[in-house]
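Just below is one structure, and these are the notes that go with it.
Just so you know, all these numbers are worked out from the coordinates, no wet-lab data involved. Source: prediction; values computed, not measured. Positions of Cβ are backbone-derived with ideal geometry, glycine not excepted, and every protein chain shown enters the neighbour counts.
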Amino acid sequence: MNDITTTDFSKFGSRERKMTEDLLKAWREQGLPEDFYGDEVAVMLNTHSGCVFLTNADFQVAMMNRDNLESFYSCPICGQEGFKQEMQHNESNEECQEYLRELGVK
Ligand SMILES: [Zn+2]
């Protein structure tokens with residue numbers, strides 16, 4: 001845990017608490033994303049980006065993609081970030097492509 005991210009709701013503004021409501025409502029109505037483990041789930045705020053997201057014991061991230069609660073990925077090779085449909089990248093890099101196959105993007 002560093003200073004950029006927090007689970008302390010006193011650090012959340014009203015906009016961020018609204019985003020928290022949306023996350024919890026989507027979790028209740030849709031369930032967690034299929035590949036997001038339901039272990040030590042917390043609502044976390046990135047104080048730099050203003051992003052509010054669910055995270056867990058494996059540091060996975062789930063966020064709202066419009067009305068859907070979806071896993072948000074970060075390529076361990078190059079740092080490319082996005083929801084699943086945004087993750088296609090670096091066609092020529094075999095390591096990135098291997099990661100995408102593990103995600104089930106390819
Ligand atoms: Zn990559």
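For the range 1-11, how many residues are surrounded by 10 or more Cβ atoms within 10 Å (Cβ to Cβ) and assigned to a helix (DSSP H, G or I)?
2
All but one of (1) of a type in the set (D, E, K, R); (2) in contact with a Gly (Cβ under 9 Å, 6 or more places away or on another chain); (3) under 22 Å from R17 (Cβ atoms) hold for R66; which doesn't?
Checking R66 against (1) of a type in the set (D, E, K, R); (2) in contact with a Gly (Cβ under 9 Å, 6 or more places away or on another chain); (3) under 22 Å from R17 (Cβ atoms), the one that fails is (2).
Looking at T55, T5, T47, which one is over 26 Å from V105 (Cβ atoms), more than 16 Å from the ligand (Cβ to nearest atom) and of a type in the set (S, T, Y)? It would help to see each step written out before you state the result.
Details: T55 fails: over 26 Å from V105 (Cβ atoms); T5 fails: over 26 Å from V105 (Cβ atoms).
The conditions single out T47.
Listed residues A62, A26, A57; which is under 14 Å from the mean Cα position of the chain (by Cα) and exposed (fewer than 12 other Cβ atoms within 10 Å of the Cβ)? Working first, answer last.
Values: A62 fails: exposed (fewer than 12 other Cβ atoms within 10 Å of the Cβ); A26 fails: exposed (fewer than 12 other Cβ atoms within 10 Å of the Cβ).
It is A57.
Please go through (1) within 16 Å of the ligand (Cβ to nearest atom); (2) under 14 Å from the mean Cα position of the chain (by Cα) for R101 and return the number of the only condition it doesn't satisfy.
Result: R101 passes all but (2).
Which pairs have Cβ atoms under 6 Å, sit 6 or more apart or on different chains, and link a residue in the range 30-45 that is in contact (Cβ under 8 Å) with a residue 24 or more places away in the chain and of a type in the set (A, V, I, L, M, F, W, C) to one that is part of a loop (DSSP other than H, G, I, E, B) and surrounded by fewer than 17 Cβ atoms within 10 Å (Cβ to Cβ)?
Here the result reads L32/G38; A42/T7; M44/T7, each pair linking the range 30-45 to a residue that is part of a loop (DSSP other than H, G, I, E, B) and surrounded by fewer than 17 Cβ atoms within 10 Å (Cβ to Cβ).
Quick check on my filter: what residues within the range 79-94 are loosely packed, with under 13 Cβ neighbours inside 10 Å and either within 7 Å of the ligand (Cβ to nearest atom) or of a type outside the set (D, E) (or both)?
G79, Q85, S92
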